[in-house]
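Notes follow the structure.
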Amino acid sequence: MESQLIIPIITGIVAILAGLGLGKIIFAKDTGAKVEEARKQAAQILADAEVKTENLKRERMLEAKEKFVQLKADHDRELLEKNKKINDSENRIKQKEQSLNTKTESLDKQIKENDTIKEHLNRQIEIVNQKRTELEKHQEEHIRKLEKIAGLSAEDAKAQLIESLKQEAQTRALSLQQEIIEDARQKANKEARKLIIQSIQRTAAEQTIENTVTVFQLESDEIKGQIIGREGRNIRAIEAATGVDLVVDDTPEAIVLSSFDPLRREIARLALQRLVTDGRIHPARIEEVVEKTRKQLEEQVMEIGERTIIELGIHGLHKELVRVVGKMRFRSSYGQNLLMHSREVANLCGIMAAELGMNPKLAKRAGLLHDIGKVPDEETELSHALLGGKLAEKYGENPAVVNAIAAHHDETEMQYVISPIVQACDAISGARPGARREIMQQYIQRIKDLENLALTYNGVEKAYAIQAGRELRVIVEADKVSDSDSEKLSFEMAQKIQTEMTYPGQIKVTVIREKRTVNVAR
């Protein structure tokens, strides 16, 4: 059984080996055929490549030859153009040389002709000099003959003639000068009077005298009790906050506000008006309303200043100067309202400047600002004219305006023409009948001096002269002044007033010391 199996296996193996050998022979034949075919294809590709290379080489050679020919043609053309330009330039140069030669020949001819003319002129000059010499000799002989006849030399005669003419001219000049000066003086006085009269006639002015009291009208007498308050605490709070004396008497439906300062009176009037309208009148509310009114009045002051400069046609004024102009509404000069006075001076200055052919706007500006030194924010020892000049200079005003302000009371030298105009208009405005009242100004000055005296002491916060100067109320800082110090302060002030000031009757000094502690619950 095993032998039967071995024979087929061996037969199969032999068959496999025979198949492998036959397959190898067949594969070798196919591979050789393919290699030969590949060789042939490679040879064909090389041959084709050589043909293409030759063709491409011929084409490139032909293109290079064509480009060379074209470049050579371009180069030849450029050479021809350059040669042509060179030839043209040479021709122009030759023409210029010919022209220069021609001009040179012409100049040579002119030089020769000029030399001839010069020689001729020299001969003529020699002849003229000879004639002049002969004439001078004749003149000298003639002068000597005249000197023998007159008995004087020519120089002496000339000096005598000049001296006589000089004396005669001086006499005539002096006479003529006196006539001209006298005529000019008469005409100047006449024109000045005419100009001032025209200016005054063309300017209308209100001549209202400022008072020291303001009457506050009430709807009924019942409101007086509310204003006075329990034990007078409300009226004391109003007087302490405003510095104005409230006079509550039997006058029906009226309260009198008394103070030398119109600004304080206006603050008190407006504050009272608000309190009465609101109906809540107590010390805390009074202080709040007075403070709000004071701020409101500051805005009103700016409005008054802006309205004034707009009406006068003045532009470019510094805001601080506008505020000072507005404050003039609440100041007086010898009883005359300061703003009305300044407006009148400004209008007069503008009219006079226009009549004299000057700048009316500049003159108006100087006239309006001439008294700004009377509205200082702080006390100073300078006069109001010099202080006003410094303020104007500080806020960039024109030098002519500064000089007009500082010199309108002759405290500095007048350097511009508008300075005497401002001075004259200031005098005209103050001299109108009923414009000023000397007694009022003296009274106001005494009240101011009384307040300023109290403010010189340490610890004094505010000082108000009330009741026409018969009482001085002094509010001190509680942190700096004790109760015993306040008594001492009151005594010292009374003694100083008694020794340094002159006043009618007597003055009561009241020192008020109040300590407040405030906290807020949130």
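The values are calculated or read from the model by the stated rules, or taken from the named source; none is laboratory data. A quick note: this is a predicted structure, and the numbers were derived from the prediction, not measured. Note: ideal-geometry Cβ built from the backbone for every residue, glycine included; neighbour counts use all protein chains shown. All accessible areas refer to the heavy atoms of the entire protein, side chains included, with ligands and DNA or RNA removed. Shrake-Rupley method; radii C 1.70, N 1.55, O 1.52, S 1.80 Å.
Miscellaneous remarks
- Residues satisfying the stated conditions in the stretch 238-293, i.e. farther than 18 Å from Gln226 by Cβ and not polar (S, T, N, Q): Gly243, Asp245, Phe260, Asp261, Pro262, Leu263, Arg264, Arg265, Glu266, Ile267, Glu291, Lys292
- Residue within the stretch 455-468 that is among the aliphatic types (A, V, I, L, M) and open to solvent by 50 Å² or more (accessible area, probe 1.4 Å) present: yes
- Members of the stretch 368-393 that are within 21 Å of the chain's Cα centre (by Cα) and of a type outside the set (A, V, I, L, M): His370, Gly388, Gly389, Lys390, Glu393
- For Gln207, the conditions (1) surrounded by 17 or more Cβ atoms within 10 Å (Cβ to Cβ); (2) at pLDDT below 80 all hold with the exception of (1).
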